[in-house]
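Visitor: My questions all concern the structure below.
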Amino acid sequence: MTSILEMDGTAAATSRIFDIPIELGQPVELLERIMGWVAAGRRSQRVMYVNAHVLNQSRVDPALRDALEDADLVYCDGYGVRLAARALDVEIPHRMTGADWVWDLASLCEQRNVSVYLLGCEPGVAAQAAQRLRRAHADLEVAGSHHGYFEMGSPHDERVVEDINARRPDVVLVGMGTPKQELWVQRNAQRLDAKVVWTVGALFDYVSGRVPRAPAALSDNGLEWIFRLAIEPQRMWRRYLVGNPVFLSRVMTHARQRHRPGAA
């Protein structure tokens, strides 16, 4: 376990898994910390998540690994990360999944006059997600939305940055999939007139209702991947049927190395 200093000098506890520092705080604590950054007026604080898929990719993509290591807060969004922590004999982080925390975030933003911008997914999906958030939280300020189907560094990318800066949201939620979303944040966070830039994966698909959530019996027991594979087999088969065994193999290899006599 390591600790990193927060703005007030207190230590934020983390566990390192594959050299990525992952927060150990409860979801409510992490949300309050993020909202505190907004209230303090700090710009371009980067929030990211890891699951087995993200950690897998970080082992073969140095740019993704750098983006995760440079983030101001990285949290666990997947039971695979918790299993890895147990195998590696480090403190187990709490799971903080977007389809749950987004409604709490919307409530906090509504109460504290914090605006959000939704960036990502296919055309129209982020706008649909924004509508559903506003339906549940009528006073939530959604500064804008835009799809994620553009190339980084393109003129379209520049127009997106310009649109965000013109609207000046407090929080930008970026759902483009890994590693595009992390690399986009790494490239653009300091250019954005926003307090927090937060990667969220496929969150807008769930919020919009485009993709159903797994039954609680699966999601509460680390088996949500089975449901996702069943409803999107062509898109998800490689991630789960290939990626999960690769992740377990990497964890076991790392655990053996850690427990080898003389290892640090």
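The values are calculated or read from the model by the stated rules, or taken from the named source; none is laboratory data. On a predicted model such as this, the values are computed, not experimentally measured, just so you know. When we count neighbours, we look across all protein chains shown, and the Cβ atoms used for this are built from the backbone with ideal geometry, even at glycine.
Visitor: Considering only strands (runs of 3 or more DSSP E) fully contained in the stretch 124-199, which possess at least 1 residues that are of a type in the set (S, T, N, Q) and either modelled with pLDDT under 95 or closer than 26 Å to Ser58 by Cα (or both)?
Guide: Here the list reads 196-199.
Visitor: Suppose the filter is part of a helix (DSSP H, G or I) and without any contact (Cβ under 8 Å) to a residue 24 or more places away in the chain; does Ala84 pass it?
Guide: no
Visitor: Considering only the stretch 9-23, state which residues are over 15 Å from the mean Cα position of the chain (by Cα) and either farther than 22 Å from Arg95 by Cβ or not β-branched (Val, Ile, Thr) (or both).
Guide: Gly9, Thr10, Ala11, Ala12, Ala13, Ser15, Arg16, Phe18, Asp19 - these are the residues of the stretch 9-23 that are over 15 Å from the mean Cα position of the chain (by Cα) and either farther than 22 Å from Arg95 by Cβ or not β-branched (Val, Ile, Thr) (or both).
Visitor: Within the stretch 90-97, can one find any residue that is within 20 Å of Val171 (Cβ to Cβ) and either modelled with pLDDT of 95 or more or within 19 Å of the chain's Cα centre (by Cα) (or both)?
Guide: yes
Visitor: Also: Scan the stretch 149-169 and tell me whether some residue there is in contact (Cβ under 8 Å) with a residue 60 or more places away in the chain, over 18 Å from Arg228 (Cβ atoms), polar (S, T, N, Q) and surrounded by fewer than 20 Cβ atoms within 10 Å (Cβ to Cβ).
Guide: no
Visitor: Just a yes or no: is a residue in the stretch 81-98 over 24 Å from Ile226 (Cα atoms) and surrounded by 21 or more Cβ atoms within 10 Å (Cβ to Cβ)?
Guide: So far as the stretch 81-98 goes, no, none of its residues is over 24 Å from Ile226 (Cα atoms) and surrounded by 21 or more Cβ atoms within 10 Å (Cβ to Cβ).
Visitor: Checking Glu29 against (1) modelled with pLDDT under 95; (2) out of contact with any strand residue (DSSP E or B) (no Cβ under 7 Å at 6 or more places or on another chain); (3) farther than 25 Å from Leu183 by Cβ, only one condition comes out false. Which one?
Guide: (1)
Visitor: Here are Arg238, Arg258: which of them is assigned to a helix (DSSP H, G or I), among the basic types (Lys, Arg) and closer than 17 Å to Asp89 by Cβ?
Guide: Arg258
Visitor: I'd like the full set of residues that are of a type outside the set (Asp, Glu) and either closer than 21 Å to Ala136 by Cβ or modelled with pLDDT under 85 (or both), limited to the stretch 218-233.
Guide: Result: Leu218, Ser219, Asn221, Gly222, Leu223.
Visitor: Sticking with this one: Just one of Asp72, Asp100, Asp66 is under 25 Å from Pro169 (Cβ atoms), under 17 Å from the mean Cα position of the chain (by Cα) and at pLDDT 95 or above; which is it?
Guide: Asp72
Visitor: In the stretch 63-98, which residues are farther than 17 Å from His254 by Cα and touching a strand residue (DSSP E or B) at 6+ places or on another chain (Cβ under 6 Å)?
Guide: Leu68, Ala71, Asp72, Leu73, Val74, Tyr75, Cys76, Asp77, Pro93, Arg95, Met96, listed by residue number.
Visitor: Same structure again: Only one of (1) out of contact with any Ser or Thr (no Cβ under 6 Å at 6 or more places or on another chain); (2) crowded, with 19+ Cβ neighbours inside 10 Å; (3) not in a helix (DSSP H, G or I) fails for Val60. Which number is that?
Guide: (2)
Visitor: Could you give every pair whose Cβ atoms fall below 8 Å, whose first residue belongs to the stretch 13-40 and is of a type in the set (S, T, N, Q), and whose second residue is part of a helix (DSSP H, G or I) and at pLDDT 95 or above, counting only separations of at least 6 or pairs across chains?
Guide: Pairs that qualify, where the first residue is of a type in the set (S, T, N, Q) and the partner is part of a helix (DSSP H, G or I) and at pLDDT 95 or above, are Ser15/Ala85.
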